[in-house]
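**Student:** My structure is below; once you've seen it, I'll send some questions.
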Amino acid sequence: MRIVIIDRSKLLAFFLILGVTPGPAQTGNHVTINSDNVLVINGRKVFPIGFTLGPPPDAKTPTGKNGLQELADAGGTFIRTGAIRRDWEESTLVAEQTWQDAAAHCGLYCWPNLRDLASIGPHDAKKEALLRRVVSQFKDHSALAVWKGADEPEWGKLEIPPMLRARDIIRELDTNHPIAILQAPRGTVETLRPYAVTGDITGADIYPISYPPGKDSLLANKEISMVGDYTRSMMEVSQGRMPVWMVLQIVWSGVVNPGTTLRFPTFPEERFMTYQAIINGARGLVYFGGNVKQAMSPEDAALGWNWTFWNRVLRPVMEEVGNHSPLEAALVAPESPLPIKVHNAPGLEFCVREVGPDLYILACKREGATIQVQFENLPISRGQGEVMYESPRKVTVKHSKFTDWFGPFEVHVYHFVDLH
């Protein structure tokens, strides 16, 4: 993306347009990770949903609404900011201030990419000084949520000691914001696990949609269910000690570079990938590629973001899993200890969450045949449950069991009320 250098007078004019008065007095966020590996911002449990990259700070939707406000209103949590396609310098600091002020005005958080500052060698005095300046400048900003450390370090063969040095500097200056370091869909659990000590959040990028299918992955599985495979691998890397965030596809280089064929996920595909990541343990999601101009219509390119994909595919997904959605409380709840199991269910994946007296079952079916599945050991002997987002469909519980159909790549979300 293009980074704009703004002088002081223009920057002040930009804030006045937004209705914001910039100033040094800011209250930072206290961001922690609880025992369920859920992000907690100022005491509120959050299922973080981010965009890399989001629309520019002053971008508008096709209807004239502020673009960042549109993401926030739909249930988004944060945008990736920071160094973009070049290292940190004075203009990056100015741009980051603009991003964070605009995000705060819209109720979004920022995930600044530290890029070259995420690895500090023993003789990198200049880089260390700049890292200290970046952290000191933004650690108390009301938009800062999490630092983005080195990008895909195992694939890039980054050495761990310089990453640990950067981690220690950040923690010395800022004890209120975790560090997220996400990996490429490469390596093994054994080669990825040593990098876990360099941050507080792990995860991976995985983009299954392409021609030919699945070329982002080196695994045998080329179906979109590879999202679940990589999520489980990162869960093994984390060993239950840190959250796993998964980066999912809008578009990526494998569908926009010369010689490739442009291809987007459909709504059913994006919905399946989203839920499969959650079901397999993801505690946060990021959607990649909304800013890639090669994938935009001329109308979207003029506005600076892929609003066509947003309206057709991603916003409907946000309506199901975004902040303030009907599933918000379930997405930040711990895994339920209830002994619910399934019968006759090859390729079915599910998780169970309890929120007070309410029970939620999130289930999806991988590739393969359409099957009828029986869920057993529910904590009620009979009654009905809502199939969320498929109104007015319900399932009927008899003898603590119910059955339902699943086609390949299908998702059902069940909600049972007042069980106890």
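**Student:** For Pro326, which of the numbered conditions (1) in a strand (DSSP E or B); (2) touching a His at 6+ places or on another chain (Cβ under 9 Å) fails to hold?
**Tutor:** (1)
**Student:** Give me a count of the residues in the stretch 360-379 that are in contact with a His (Cβ under 9 Å, 6 or more places away or on another chain), more than 15 Å from Val342 (Cβ to Cβ) and of a type outside the set (Phe, Trp, Tyr).
**Tutor:** The number of residues fulfilling the criteria is 1.
**Student:** Six or more apart or on different chains, Cβ atoms under 7 Å: show the pairs whose first residue is in the stretch 112-131 and of a type in the set (Ser, Thr, Tyr) and whose second is in a helix (DSSP H, G or I) and crowded, with 17+ Cβ neighbours inside 10 Å.
**Tutor:** Ser119/Pro162; Ser119/Met163; Ser119/Ala166
**Student:** Which residues, taken from the stretch 201-215, are assigned to a loop (DSSP other than H, G, I, E, B) and either aliphatic (A, V, I, L, M) or surrounded by fewer than 23 Cβ atoms within 10 Å (Cβ to Cβ) (or both)?
**Tutor:** Selection gives Ile206, Ile209, Ser210, Tyr211, Pro212, Pro213, Gly214, Lys215.
**Student:** Now a separate question. Does the stretch 131-167 hold any residues that are touching an Asp or Glu at 6+ places or on another chain (Cβ under 8 Å), part of a helix (DSSP H, G or I) and either at pLDDT below 95 or of a type in the set (A, V, I, L, M) (or both), and which are they?
**Tutor:** Val134, Val135
**Student:** Same structure again: Residues in the stretch 54-68: is at least one hydrophobic (A, V, I, L, M, F, W, C), in a helix (DSSP H, G or I) and assigned by TED's automatic domain parsing to the domain that holds Gly289?
**Tutor:** Yes.
**Student:** Same structure, new question: Could you count how many residues in the stretch 290-332 are free of Cβ contacts under 8 Å to residues at least 40 places away in the same chain and within 30 Å of Phe416 (Cβ to Cβ)?
**Tutor:** 2
**Student:** Name, by its number, the condition in (1) in contact (Cβ under 8 Å) with a residue 40 or more places away in the chain; (2) buried (at least 19 other Cβ atoms within 10 Å of the Cβ); (3) within 26 Å of Met235 (Cβ to Cβ) that does not hold for Val352.
**Tutor:** If we test Val352 against (1) in contact (Cβ under 8 Å) with a residue 40 or more places away in the chain; (2) buried (at least 19 other Cβ atoms within 10 Å of the Cβ); (3) within 26 Å of Met235 (Cβ to Cβ), just (1) comes out false.
**Student:** Report, ordered by the first and then the second residue, all pairs with beta carbons closer than 7 Å, sequence separation of six or more or different chains, a first member in the stretch 169-195 that is crowded, with 19+ Cβ neighbours inside 10 Å, and a second member that is part of a helix (DSSP H, G or I) and of a type in the set (Lys, Arg).
**Tutor:** From residues that are crowded, with 19+ Cβ neighbours inside 10 Å, the pairs are Ile179/Arg167.
The values are calculated or read from the model by the stated rules, or taken from the named source; none is laboratory data. As the structure is a prediction and not an experimental result, all values here were calculated from the model. When we count neighbours, we look across all protein chains shown, and the Cβ atoms used for this are built from the backbone with ideal geometry, even at glycine.
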